[in-house]
Amino acid sequence: MHDRKHVVYYCISVLILAVLQALLPQSVRMLGTMPQLLPVFVLLIASRMEKEEAMVFGILSGIFFDIVYGRYLGFYGLLYMFFAVGAAMAGPVLLREKKWWPCVVLPPLLFLYCMVESFFARVLALYASKTGTLYAYGYGNHLVTRILPQTLYHLIVLAFMIIPVLWILKKLEPKPMIRYDV
Amino acid sequence: MSKKSKIFLFVLIILSVLMAVFVAISANADSQLHGFYKVIGTPVYYVQKAFSSVGNAIGQRITILQDYKKIQAEIDSLREENEHLSSLEDENARLERENEELRALLEMEETIRDYKILRANVITQDVTGWFNEFTIDVGTARGVQNGYVVITSRGLVGIVYNAGLVSSKVRCIIDEQNVLMARISHNDELVRVRGTSNENYEGLLRVDRIAPDAEIQEGDTLVTAESGDVYPRGLTIGTVVRVGVDVDGTRFAEVEPSVHFSTLISVNVLLPQGESVPQE
């Protein structure tokens with residue numbers, strides 16, 4: 001991805017997705033979790049960016065999410081930034097420019113994202129409330145009731161999103177110049 | 001390491017430190033950083049409200065479609081029943097309902113007589129699952145300030161913690177940060193109620209500081225106690241569902257809130273009587 005003005009288009013897409021999130025009714029809850037469109041979209045796009053673009057895209061998306069849905073300014077900014085950079089760096093290193101690398105890179109990355117998000121959310125909750133325990137029912141219960149269902153829902157959202165997004169990305173790529181050798 | 005990589009790493013570290021500072025500052029309830037929401041959140045509110053209205057309409061239509069057969073059967077059943085009822089019995093039922101509504105309103109009126117009620121719609125709920133809060137479509141332009149109490153006819157909902165110009169964020173009572181004093185309705189015993197970790201999506205409250213001789217049992221109703229002029233006295237909090245003993249021998253209880261937070265569509269904000277309510 002070499003045309004950096006596309007970062008602006010992606011940021012606009014993030015604004016639209018963040019507000020579209022409000023359209024989802026509570027009846028789509030599965031195992032207590034709601035589908036989250038934004039983290040999947042950000043990581044999917046970032047996996048095909050350079051790491052500098054991914055850093056900017058991640059932090060802007062995260063800060064906007066903090067303003068609309070978050071409680072602590074900077075929490076999702078930090079989280080999205082690092083994972084976007086991670087997605088941008090992991091793909092080329094592991095799979096050398098294959099088109100289908102998001103399918104392999106993103107699931108473990110989404111699982112790691114859920115683990116890190118839940119850990120820091122609990123730490124912040126303890127810091128703010130000044131009491132309580134990190135995992136009230138143990139980490140095993142936390143993994144089964146929060147992390148795995150959220151990861152599963154992220155993967156379902158990814159399955160719906162990946163084909164149309166990659167198709168749009170392909171259409172946005174600059175076409176190669178045709179050379180006429182004389 | 002190339003020069004470009006060094007610059008990238010430097011920028012990444014600076015941004016990380018900046019974000020961590022923002023998080024640490026915004027974790028403080030009195031942080032000035034909350035003013036940032038008022039600037040950015042205000043234009044976002046209008047778009048949120050539009051999409052929320054569409055979303056609610058879509059949700060209602062989906063519910064109607066899902067319950068269509070059940071509703072149709074109920075309608076048929078009600079039509080048959082209605083033909084057999086005499087006009088006097090209908091009038092009697094209507095009067096009874098009015099009587100109950102008036103009694104409920106009268107009780108609420110006595111509890112909140114020092115406040116004005118400002119009706120508000122919920123425009124966004126928490127989607128992350130980590131923050132028990134939601135956003136309402138009223139803000140400082142309508143007289144809402146941080147610390148104002150939010151209720152429904154079923155009971156206490158929460159407290160405004162980030163009031164913007166046209167929207168406000170409300171923290172639910174089930175959030176871990178919330179602590180309030182309450183009384184057991186049948187014997188007036190004073191206890192402390194706090195939100196608990198929502199890891200299992202239970203959304204329960206925990207009661208502690210129960211006096212050794214205080215009677216508390218399943219089915220008891222808890223209401224708010226006078227506590228530093230934050231909550232009006234007498235608002236329903238919830239019902240005790242379990243009483244237990246901690247490892248240190250002290251008693252605790254778990255309370256199911258009277259309000260279902262995930263299905264909230266509209267709430268009421270309590271404005272102190274001295275405040276005027278600017279019109280829309």
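The values are calculated or read from the model by the stated rules, or taken from the named source; none is laboratory data. Note that the structure is predicted; figures quoted are calculated from it, not measured. Here Cβ is always computed from backbone atoms with ideal geometry, including for glycine, and neighbour counts include all displayed protein chains. For accessibility, only protein heavy atoms count, side chains too; no ligands or nucleic acids. Shrake-Rupley method; radii C 1.70, N 1.55, O 1.52, S 1.80 Å.
Below is a table of values for the structure above.
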item	result
Complete set of residues in the range A:117-152 that are farther than 21 Å from A:Gly70 by Cα and either under 17 Å from the mean Cα position of the chain (by Cα) or more than 9 Å from chain B (Cβ to nearest Cβ) (or both)	A:Gly138, A:Tyr139, A:Gly140, A:Leu143, A:Val144, A:Leu148, A:Leu152
Residue in the range B:106-122 that is within 14 Å of chain A (Cβ to nearest Cβ), open to solvent by 20 Å² or more (accessible area, probe 1.4 Å) and at pLDDT 85 or above present	yes
Flag for A:Val19 being modelled with pLDDT under 80, closer than 19 Å to B:Gly59 by Cα and over 14 Å from the mean Cα position of the chain (by Cα)	yes
Enumeration of residues in the range A:122-135 that are in contact (Cβ under 8 Å) with a residue 12 or more places away in the chain and in a helix (DSSP H, G or I)	A:Arg122, A:Leu124
Residues of the range B:198-229 satisfying the condition of being surrounded by fewer than 14 Cβ atoms within 10 Å (Cβ to Cβ) and either in a strand (DSSP E or B) or among the hydrophobic types (A, V, I, L, M, F, W, C) (or both)	B:Ala211
Conditions (1) surrounded by 17 or more Cβ atoms within 10 Å (Cβ to Cβ); (2) in contact with a Gly (Cβ under 8 Å, 6 or more places away or on another chain); (3) at pLDDT below 90: number failed by A:Lys51	(2)
Every residue from the range B:201-237 that is over 28 Å from B:Gly129 (Cα atoms) and basic (Lys, Arg)	B:Arg209, B:Arg233
Residues being among the small types (Gly, Ala, Ser), under 20 Å from B:Lys116 (Cβ atoms) and not in a strand (DSSP E or B) - total across the range B:165-190	1
Residue that is farthest from B:Arg171 (Cα to Cα) [pool: residues in the range B:231-271 that are crowded, with 17+ Cβ neighbours inside 10 Å and of a type in the set (Phe, Trp, Tyr)]	B:Tyr231
Selection count where residues are among the polar types (S, T, N, Q) and either within 10 Å of another protein chain (Cβ to nearest Cβ) or surrounded by fewer than 21 Cβ atoms within 10 Å (Cβ to Cβ) (or both), scope the range B:150-168	3
Flag if B:Arg194 is surrounded by fewer than 20 Cβ atoms within 10 Å (Cβ to Cβ) and either assigned to a strand (DSSP E or B) or in contact with an Asp or Glu (Cβ under 9 Å, 6 or more places away or on another chain) (or both)	no
Exclusive hit being within 14 Å of chain A (Cβ to nearest Cβ) and among the small types (Gly, Ala, Ser), set B:Gly143, B:Gly147, B:Gly129	B:Gly129
Hey, A:Thr151 touching a Cys at 6+ places or on another chain (Cβ under 6 Å) and in a helix (DSSP H, G or I) or not	yes
The one condition in (1) closer than 30 Å to B:Asn198 by Cβ; (2) modelled with pLDDT under 85; (3) of a type in the set (D, E, K, R) that A:Lys170 fails to fulfil	(1)
Every residue from the range B:198-230 that is touching a strand residue (DSSP E or B) at 6+ places or on another chain (Cβ under 6 Å), of a type in the set (D, E, K, R) and under 23 Å from B:Arg171 (Cβ atoms)	B:Arg206, B:Asp208, B:Arg209
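To keep it simple, each residue is scored yes or no on (1) of a type in the set (A, V, I, L, M, F, W, C); (2) at pLDDT below 85.
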{"site": "A:Leu94", "(1), (2)": "yes, yes"}
{"site": "A:Val104", "(1), (2)": "yes, yes"}
{"site": "A:Leu109", "(1), (2)": "yes, no"}
{"site": "A:Lys130", "(1), (2)": "no, yes"}
{"site": "A:Ala136", "(1), (2)": "yes, yes"}
{"site": "A:Leu143", "(1), (2)": "yes, no"}
{"site": "A:Ile156", "(1), (2)": "yes, no"}
{"site": "A:Pro176", "(1), (2)": "no, yes"}
